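Accompanying notes for the structure given below.
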Amino acid sequence: MRNQNTITKGIDWSVIWLYIALVIIGLMSIFANEYKEGESIIQPILSQSKDYGKQTLWVGICAALAVFILLTDSKFFTATANLLYGFGIMLCLIALVVGTEVKGSKSWLVIGGFRLQPSELSKVFTCLALAKYISRQETDFTKTHSHLIAAAISLLPAIITVAQNETGLALVYFSFFLVMYREGLPPFILIAGASMAVILILSLIFASETLLIGFAAVALVTIFLTRHHFKRSRFLLWAIIGLWAVASFISAVAIPYGINKVMKPYQRDRIYSLVGKPYIPQNPEERAELEKLKAKNRGKSQNQSEYNVIQSKIAIGSGGVLGKGYLKGTQTRYDFVPEQRTDFIFCTIGEGFGFVGSIIFIGLYAILLFRMIVIAERQRSVFSRVYSYGVASIFFFHITINICMTIGLAPVIGIPLPLISYGGSSLLTFTILLFIMLRLDADRQMVLR
């Protein structure tokens, strides 16, 4: 522990003020969704009977934890990175076996009356472990085996999270590939990932036979246009044929298998709704499951995910340019938008403060991300730089997907808006991520390994 007189030395206060502003906005948004005129404001906080009361308690816990982190020696995080990673994996496995099931996800542990989601907290531990591995003197991140080890560190918690039925949260771990790219991961891997996403979308829109014909046509045209290079080397020809074969296999075999055999019916329904196509179940069991879902949401929409997004768009659109005003929204205050305190909390901001307020709000996030990149680039230590980029990548992924989700540009995968959405595990995780980064930045003159 360090002397209290030095707690603020070297701290980037712009990030702290942005953190405070966003946490306050989050509390106000949760309050706006729950408060009814004439009710007591203080009593629900003391009795913890409402979500904004519970979130207020978590804000106090996170504030104390933030001070504790700022008083901690930076070397503690490098020394315990691997130990914390192992601890996080153990917690995720315990939750998988004996955890409490919430909304179909067995990813929660109940500790002393508090619910904790280890897969959320493991993002911190994974970020530390990845930074520890890449910063080792013996790690040559230009080598393929180093890339594979780093990918394994990042994706092991994701695999366990998928087993817990938290697919959306598992996708967040792919944000660490942006960090690896900054540290030397070949660009073609990111290009391959983007290509996979394009093939996935095309596979949802078009039939397999149509795609196979399209890929073959593109390959033949490419071979015809580059035929003059084949005299010097046959490598380009075989590369084109290989890419055609891989794309065909992915679209005709891998993606249909993943969607039809791995995903659950409601997940397939969400994926297909993204491209505006109805999901038609292939067997009686799935058909019965979706019929139950439709019956539950009778009068709302064809399916729950579509209903959520439609109501979200209505709420945001009803805000207009300047918004209806704080505590004056109708769509969010009267529970027309499902999950409006968690996944769809951006609707409250859009309806209450309109387009202008939403742009200002997103601007706060943009400034925060910019400050994170500035902090990352000024580090002397590889460990601190990798960790800071990891934090920025996690925030960027959450912000982008959550906001796109609420306006219908991304599937509803159920990830929170950083520092805004209701949830103690989420607020705790993002607080720890940020304040460890600030502690490392305050000691940036040190070379940590």
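For Ala152 and Ile24, FRET efficiency with R0 = 25 Å and r from the beta-carbon atoms, rounded to 0.05?
That gives a FRET efficiency of 0.05.
For Lys328 and Phe230 in the same chain, what is the full-extension length gain: residue separation times 0.36 nm, less their Cα-Cα distance, in nm?
Details: separation 98, 0.36 × 98 = 35.28 nm, distance 6.82 nm.
Computed gain between Lys328 and Phe230 is 28.5 nm.
Figure the gain on full extension for Ala216 and Phe114 (residue separation times 0.36 nm, minus the Cα-Cα span) and round it to one decimal in nm.
So the chain would gain 31.1 nm between Ala216 and Phe114.
What length, rounded to one decimal in nm, is gained on full extension from Ile362 through to Glu339, with 0.36 nm per residue of separation minus their alpha-carbon distance?
On the way: separation 23, 0.36 × 23 = 8.28 nm, distance 2.04 nm.
Separation in residues times 0.36 nm, less the Cα-Cα distance, equals 6.2 nm.
When the Karplus curve 6.51 cos²θ - 1.76 cosθ + 1.60 is applied with θ = phi - 60°, which whole-Hz ³J(HN,Hα) does each residue of the range 74-84 get, with x for Gly and Pro?
Whole-Hz 3J(HN,Hα) from phi for the range 74-84: 4, 5, 4, 6, 6, 5, 10, 4, 5, 5, 5.
Mind scanning Lys54/Lys328; Lys50/Lys328; Lys9/Lys132; Lys75/Lys106; Lys50/Lys324 and naming the pairs with a C-alpha gap bigger than 28 Å?
Violating the 28 Å limit, Cα to Cα: Lys75/Lys106.
Trypsin sites (Lys or Arg not before Pro) within the range 84-116: which are DSSP loop residues with at most 12 other Cβ atoms inside 10 Å?
Lys103
Hey, with R₀ at 60 Å, roughly what FRET efficiency would Ile61 and Ala207 work out to, going by the Cβ-Cβ distance, to 0.05?
Working: r = 53 Å, r/R0 = 0.88.
Efficiency computed from Cβ-Cβ geometry: 0.70.
Report relative contact order for the chain in percent, whole number only (criteria: Cα-Cα under 8 Å, sequence separation at least 6).
Value for the chain: 23 percent.
What percentages, rounded to whole numbers, describe P(r) for the range 1-129 computed over all alpha carbon pairs with 10 Å bin width beginning at zero?
11, 27, 35, 22, 5, 0
Please work out which option in [x] 176; [y] 162; [z] 137 gives volume of the Cα convex hull per residue in Å³ calculated from these coordinates, and answer with its label.
Computed from the coordinates, volume of the Cα convex hull per residue in Å³ corresponds to [x].
In the chain, if the dipole is taken from +1 on Lys/Arg beta carbons and -1 on Asp/Glu beta carbons about the Cα centre, which of Ile189, Ile359, Ile401 is farthest to the positive end?
Most positive-ward Cα: Ile189.
Roughly how many nanometres apart are two label points built 7 Å out from the Cα toward the Cβ at Leu93 and Ser40?
Output for this residue pair reads 4.7 nm.
Since every read-out is calculated from the coordinates, none of them should be taken as a lab result. Quantities reported herein were computed from a predicted structural model and do not represent experimental measurements. Note that we place each Cβ from the backbone using ideal geometry, even for glycine, and neighbour counts take in every protein chain shown.
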